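Reading through the structure tokens given below for one structure.
Readers should treat all values here as calculations from the given coordinates under stated rules, not as data from a laboratory. Source: prediction; values computed, not measured. Cβ atoms come from the backbone with ideal geometry, glycine included; neighbour counts cover every protein chain shown.
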Amino acid sequence: MNEGNERIESLCMLGHVLCHIRSLSSLRFCQSDSMSSGPVCEVSKKLLDLEQRSVVNFLTKEGKKPKEILQRMVVVYGESPTSYYKVKFWS
């Protein structure tokens, strides 16, 4: 398999994973927490973690460094998507 086909296959796989994650994250797995104003969603947090890990794996395969990956994730996910330690560990 040549490099172009491998890249296309990786993109397709990433697309499928993200599609499944997004469809699962729309389900209601949340319970109200009396200590906070919003719901505590452990499943949603784990799904977001899985999505971000998939992004890190994908960008690592493209040759991106952990620092650059984290900078891109901040733009997409907001101020603190995940820690630099996790990005470095996953890459």
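Quick notes
- Inter-label distance for Asn57 and Tyr85, nm, one decimal - labels placed 7 Å from Cα along Cα-to-Cβ: 2.2 nm
- Sparsely packed GluC sites (Glu not before Pro) within segment 56-91, loop by DSSP, other Cβ within 10 Å at most 11: Glu62, Glu79
- Reachable lysines, given that their alpha-carbon falls under 16 Å from the alpha-carbon of Lys61 and they are not under 8 places away in the same chain: Lys88
- Working note: Karplus 6.51/-1.76/1.60 with θ = phi - 60° gives segment 70-77 the couplings 4, 4, 5, 5, 4, 5, 7, 9 Hz, where Gly and Pro are set to x.
- Computed from the C-beta positions of Gln71 and Glu6, the FRET efficiency with R₀ = 22 Å rounds to 0.30.
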